[in-house]
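Worksheet for the structure shown next.
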Amino acid sequence: MDEFFPLPLTQRYFEDYPVGLVAHYGPAHVTADDIVRFATAFDPHAMHVDADAAADGPFGGLIASGWHTTAIMMRLMVDNFLNERTSLGSPGVDTLRFLLPVRPGDELTARFEVASARASKSRGDRGILHTNIELRNQAGELVMTQTMINLVKRRTPAA
């Protein structure tokens, strides 16, 4: 259980995500090693993998890939907001914006707000959540926003 939900993560279903619910989680600490490790595997641009080259680049130093930033948010979501047992995946993201670079030493905090929730018209065992997500650094600066769509099992499926 946490301060935002009356039920522990493992017991949450679609019905436990009312429109307007807001939850904050984090911080997630970002290290230079994390940035380089992720980028080496998935986004090997110099600004993400080579501190010396990045120092001469447009950001003046090493920065996390936007996809790494999104993955950090996803970890906070999976660990705290949506549980593996009732989450049925996501058909996509409506918006995704990288607003400021994420740097080594940053502490990222996520804000999740349920923007809409409706029962599926075609599948009575699930609902559809639209969640507005903000990721901020330790200075409170907004580094990423997105609106994610998630399919979540209903506690009591509709007939």
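Residue pairs whose Cβ atoms lie under 6 Å apart, separated by 6 or more positions or on different chains, with the first residue in the range 21-41 and touching a residue at least 40 places away in the same chain (Cβ under 8 Å) and the second of a type in the set (Val, Ile, Thr), are 21/114; 26/109; 27/109; 28/72; 30/102. Of all residues in the range 52-66, those satisfying the criterion of being in a helix (DSSP H, G or I) and surrounded by 15 or more Cβ atoms within 10 Å (Cβ to Cβ) are 54, 66.
Does residue 84 qualify as being touching a strand residue (DSSP E or B) at 6+ places or on another chain (Cβ under 9 Å) and either in a loop (DSSP other than H, G, I, E, B) or within 26 Å of residue 30 (Cβ to Cβ) (or both)? It is false that residue 84 is touching a strand residue (DSSP E or B) at 6+ places or on another chain (Cβ under 9 Å) and either in a loop (DSSP other than H, G, I, E, B) or within 26 Å of residue 30 (Cβ to Cβ) (or both).
Contact map, the range 1-20: residues that are assigned to a helix (DSSP H, G or I) paired with residues that are of a type in the set (Gly, Ala, Ser), Cβ distance under 6 Å, separation 6+ or inter-chain. Pairs shown: 14/127. Residues in the range 103-133 that are within 17 Å of residue 78 (Cβ to Cβ) and of a type outside the set (Lys, Arg): 108, 109, 110, 112, 114, 129, 131, 133.
In the range 98-155, of all residues being of a type in the set (D, E, K, R) and outside any loop (DSSP other than H, G, I, E, B), the one that is surrounded by the most Cβ atoms within 10 Å (Cβ to Cβ) corresponds to 136. Evaluating residue 74 against the criteria (1) aliphatic (A, V, I, L, M); (2) loosely packed, with under 14 Cβ neighbours inside 10 Å; (3) assigned to a helix (DSSP H, G or I) leaves one unmet condition, (2).
Taken together, the values in this text are just the output of simple stated rules run on the coordinates, not laboratory data. Keep in mind that what you see is a predicted model, and the values were worked out from it rather than measured. In this analysis, Cβ positions are derived from the backbone assuming ideal geometry, glycine residues included, and neighbour counts consider all displayed protein chains.
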